[in-house]
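The next block holds one structure in the form of structure tokens; read it before the comments.
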Amino acid sequence: FLFLSFIAFTQLFGQTIPTYYSSVDFTLTGVPLKNQLATLITNTHTNELTYGELWNALKIVDEDPANNSNVALIYGWPNTTTGQHAITRSKNSNGSNSGDWNREHTYAKSLGTPNLQEQGPGADAHHLRASDVQWNNNRGSKKFAAGSGNSGNVGSNWYPGDNWKGDVARMMMYMYVRYGTRCLPGNVGVGSTAGTPDGMIDLFLQWNVEDP
């Protein structure tokens, strides 16, 4: 996956890799490359937000590209504009009541080792997303699992939806590279590690490819 990431970099940027990655040796593969990326994103992660500051952050990073008065809601169903399956909502409709959007920990707090709480990884805006209150409650702390179509329950687990699974995969990859064993992929998703040299699960690698 990390070797393929290098190929994607060169395809996207030609032979010019952004300056941010100048400390990374992209001739490496596998765990050595992952370790260099972990060092880079940890050392450059200097702007840490409080849990309260995330409200305003999400209004910026989750802004609906089609309407800057709205936020896009993770797990929302395409072409659905009302109810718990809505894919967008007014930026100002944030809170904890039915019809509001709130802060979804895609890496559920309770699945961290230990619990992620609401600081550090539990307040990392790289994996917190705007989400309908009711649909967020439905997901709860269920593990991600294979599925198809719109988001929803898959047995006792959760499928984020065809249009969100790539986003979820990359957020889980980030959390693992950034926080290591505190955010193990196998704790938050259902899948085998047989095809990887570390704790990454095939589910997230597959989603990353299927939903680029």
Query - Charge dipole magnitude, Cβ of K and R +1, D and E -1 - segment 71-212, Cα centre, debye nearest 20 - result: 260 debye
**Report entry** List Trp158, Trp164, ordered by accessible area with a 1.4 Å probe, largest first
**Finding:** Trp164, Trp158
Report task. Evaluate the relative contact order of the chain (contact order divided by residue number), counting alpha-carbon pairs under 8 angstrom at least 6 apart; express in whole percent. Result -> 16 percent
Query raised in the report: To the nearest 10 Å², what's Ile60's accessible area with a 1.4 Å probe?
Result: 130 Å²
Report summary line: Between Gly152 and residues 5 or more places away or on another chain, the pairs with built amide H atoms under 5 Å apart involve Tyr159, Gly161
Query raised in the report: Which Cα, out of His126, Thr27, Ser98, lies furthest along the positive dipole direction of segment 19-126 (beta carbon charges, K/R +1, D/E -1)?
Result: Ser98
Report task. Pairs of Cα atoms under 8 Å, at least six residues apart: use those to get the relative contact order of segment 98-137, whole percent. Result -> 59 percent
Query raised in the report: Which values, in whole Å and largest first, are the semi-axes of the equivalent ellipsoid of the chain obtained as the square root of 5 times each eigenvalue of the Cα gyration tensor?
Result: 28, 19, 18
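Kirkwood Rh over alpha-carbon pairs of segment 100-199, then Stokes-Einstein at 25 °C and 0.890 mPa s: what D in µm² s⁻¹, rounded to an integer?
Diffusion coefficient, whole number: 179 µm²/s.
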Requested in this report: Work out from phi, with θ = phi - 60° and the Karplus expression 6.51 cos²θ - 1.76 cosθ + 1.60, the ³J(HN,Hα) of each residue of segment 56-61, listed in order in whole Hz, and give x for Gly and Pro.
Outcome: 6, 4, 5, 5, 8, 6
Report summary line: Phi-derived 3J(HN,Hα) across segment 126-131 with the Karplus relation (6.51, -1.76, 1.60, θ = phi - 60°), rounded Hz, x for Gly and Pro, is 5, 10, 8, 9, 5, 8
Query - Computed [θ] at 222 nm, deg cm²/dmol, the chain (DSSP H ≥ 4; -39,500 (n - 2.57); rounded to nearest 500) - result: -9500 deg cm²/dmol
Report task. Using the Karplus curve 6.51 cos²θ - 1.76 cosθ + 1.60 with θ = phi - 60°, work out ³J(HN,Hα) for each residue of segment 203-212 in order, rounded to whole Hz, and write x for Gly and Pro. Result -> 3, 6, 5, 5, 4, 4, 6, 5, 10, x
Requested in this report: Sort segment 163-206 into rounded, prolate or oblate with this rule: let a ≥ b ≥ c be the square roots of the eigenvalues of the Cα gyration tensor; rounded if a/c is under 1.5, and if a/c is not under 1.5, prolate when a/b is larger than b/c, oblate otherwise.
Outcome: oblate
Report summary line: Across Pro121, Pro65, Pro185, the residue with the highest GNM fluctuation in the chain (Cα network, 10 Å cutoff) is Pro65
Requested in this report: Please say if segment 147-188 is rounded, prolate or oblate, where rounded means a/c under 1.5 for a ≥ b ≥ c the square roots of the C-alpha gyration tensor eigenvalues, and otherwise the choice is prolate for a/b larger than b/c and oblate otherwise?
Outcome: oblate
Requested in this report: Write down, largest first, the equivalent ellipsoid semi-axes of segment 8-89 in whole Å, where each equals the square root of 5 times an eigenvalue of the alpha-carbon gyration tensor.
Outcome: 34, 18, 13
Query raised in the report: For segment 127-167, rounded, prolate or oblate, judged on the Cα gyration tensor with a ≥ b ≥ c (square roots of eigenvalues), a/c < 1.5 rounded, else prolate if a/b > b/c?
Result: oblate
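The values are calculated or read from the model by the stated rules, or taken from the named source; none is laboratory data. All of these numbers come straight from a predicted model, not from anything done at the bench. All Cβ positions, even for glycine, are placed from backbone atoms using ideal geometry, and neighbour counts span all protein chains on display. Side chains are part of the model used for accessible areas, which takes the heavy atoms of the whole protein and leaves out ligands, DNA and RNA. Shrake-Rupley method; radii C 1.70, N 1.55, O 1.52, S 1.80 Å.
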